[in-house]
Amino acid sequence: MVSILSILYTISNNGMLIRTIFPHIPFKVYNALFYTLPICGTSFYIFMLCHLFEEECFLKIKKITIMKAILFMSVNIFLPIHFIGKIINIANFIAILEFTYGLYVISKVIIKGKEYGISLALGTIALVVSIIYDALYFNGGITKTSGVISPIGLSIYILCYAVSIGRRYEKSYKEIKELSNELLEMDKIKDEFLTNTSHELRTPLNSIITITKSLLEQRETELNVNEKESLSLVVSSGERLKNLINDILDYSRLREGKFILIKSHFDLSKTIDNILKEFEPMIKSKNISILNNIEESLKSIYADKYRMIQVIYNIVGNAVKFTPLNGNIVVTGYEKDNIVTISIKDTGIGIQNDKLDIIFNAFEQGTYSITKKYGGMGLVFQNRL
């Protein structure tokens, strides 16, 4: 905008082009245009600086500039012509102050190490010098001259402005690239940390599960009902934690493209029964009714058994977690066109339609509250798997 208004100001200084396009333009209108455009030009110059260098600019400078522009524009439009000439020097002085303030802002930018401010400072100096020169020329302060030089100053300013913006975007691009590389490195470190931690946790966890199972088997006759239930709860909780650790490790493999499926034939109905048994302590504590309704024809299917267990375990666990007291869970399965479909239905809180896609991306997108409310990392992993 400042460039356009400066061009119009240059045209109005000569007046020939305006007179050619609008030969019958009233002198008062032309005079208002002559004095108003430079005032608007300096105002937009300040606006441009505030947009580019918001941190370095005075907070109220925009309001002050707007009030100045409205005041002088009102004077140019409504007051007599002879009165305008008396205050034009005040307007010129304020314009010089505005450009000086602009140089002050740019100097702060340069001091902060932003080198692209140098070219903008040179352009501003060239523009100010050309405007002062033209003002002296029109007021008779300079007699020996070849004419106005503001077009030259304007051209230098536009060139320097373009260079400044180009260098600024170049610097921003480099910063974004560096930040992107840092984020990738941090993401890699995070994955390595999760993997290493998971490996460290898995060994003692397996020991806890094994010892507890052994205790249940060897001391079965010596333990009372409450002790058996407590130890069974330890085993089931340990198994859930072990599955979570395996999910974390497999999720890392998925992201790295190292995930491999090992397919074999196995009994789906029996596999589902074994999975449901691991949730018996939680099911009993909530008095949940759970039904394995897998078709008889699915006694033998061809798939990756471990991954199948992994997927169903997480979804059943999610169903048990969010099904209220005295609720129901039904696991059904059928085969159609050589494709096995397994469905798990529960009487839980359900998921809103607008949250269905979000829960599968929550682990990466940071919407932890949604993930915690409707599921967990398991759903994210199962979707990827």
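Taking 29 Å as the cut-off for C-alpha to C-alpha distance, list the pairs among 171/258; 228/286; 188/270; 286/336; 63/177 that go past it. Intermediate results must be reported in sequence, preceding the final value.
Details: 171/258 37 Å; 228/286 18 Å; 188/270 39 Å; 286/336 35 Å; 63/177 37 Å.
Result: 171/258; 188/270; 286/336; 63/177 exceed 29 Å.
Suppose the chain between residue 289 and residue 223 were pulled fully straight at 0.36 nm per residue; how much longer would it get relative to their current alpha carbon spacing?
Residue separation times 0.36 nm, minus the Cα-Cα distance, leaves 21.1 nm.
Amide H of residue 266: which non-local residues (sequence gap of 5 or more, or other chain) have their own amide H closer than 5 Å, using H built in the peptide plane?
The list, which skips near neighbours in sequence, is 301, 303.
Give the residue list of GluC sites (Glu not before Pro) in region 48-83 that are DSSP loop and have at most 16 other beta-carbon atoms within 10 angstrom.
54, 55
Can you run phi through the Karplus equation (6.51, -1.76, 1.60; θ = phi - 60°) for region 160-166 and list ³J(HN,Hα) in whole Hz, with x for Gly and Pro?
In residue order, the calculated couplings are 5, 4, 4, 4, 4, 5, x Hz.
So, R0 is 35 Å and r is the distance between the beta-carbons of residue 262 and residue 192; what FRET efficiency does that work out to, to 0.05?
Once rounded, the FRET efficiency stands at 0.90.
In terms of the Cα gyration tensor, with a ≥ b ≥ c the square roots of its eigenvalues, is region 191-314 rounded because a/c is under 1.5, prolate because a/b exceeds b/c, or oblate?
Values: a/c = 2.16, a/b = 1.18, b/c = 1.83.
Oblate, since a/c reaches 1.5 and b/c is not below a/b.
Going by how many other Cβ atoms sit within 10 Å of their own, how do 266, 259 line up, fewest first?
Fewest-to-most ranking of 266, 259: 259, 266.
Excluding residue 328 itself, what net charge comes from residues whose Cβ is under 10 Å from its Cβ, given Lys and Arg +1 and Asp and Glu -1?
Working: positive: 345; negative: 346.
Cβ neighbours under 10 Å give a net charge of 0.
Among 186, 73, which comes first, then next, by fewest other beta-carbon atoms within 10 Å? Please report the intermediate quantities before stating the final value.
On the way: 186 10, 73 16.
In increasing order of surrounding Cβ atoms, one gets 186, 73.
How much length, in nm to one decimal, is gained on full extension between residue 60 and residue 111, taken as 0.36 nm per residue of separation minus their Cα-Cα distance? Please list the in-between numbers first.
Numbers: separation 51, 0.36 × 51 = 18.36 nm, distance 2.24 nm.
The residue 60-residue 111 span can extend by a further 16.1 nm.
Can you list the residues, at least 5 places off or on another chain, whose amide H is less than 5 Å from the amide H of residue 347, using H built in the peptide plane?
Distant-sequence amide H within range of residue 347: 328.
If each residue's Cβ is checked for other Cβ atoms within 10 Å, how do 157, 173, 306, 137 rank with the fewest at the top?
In order of increasing Cβ crowding within 10 Å: 173, 306, 137, 157.
What is region 250-345's relative contact order, in percent, from Cα pairs under 8 angstrom and six or more apart in sequence?
On the way: 127 pairs, mean separation 30.8, N = 96.
Across region 250-345, relative contact order equals 32 percent.
Cβ under 13 Å from residue 95's Cβ, residue 95 left aside: what net charge do those residues give with Lys, Arg +1 and Asp, Glu -1?
Details: positive: 68; negative: 98, 134.
After counting each charged neighbour, the total is -1.
Every number in this text was worked out from the coordinates using simple rules, so none of it is lab data. Since we're looking at a predicted model, the values are computed, not measured. FYI the Cβ positions are ideal-geometry reconstructions off the backbone, even for glycines, and counts take in every protein chain you see.
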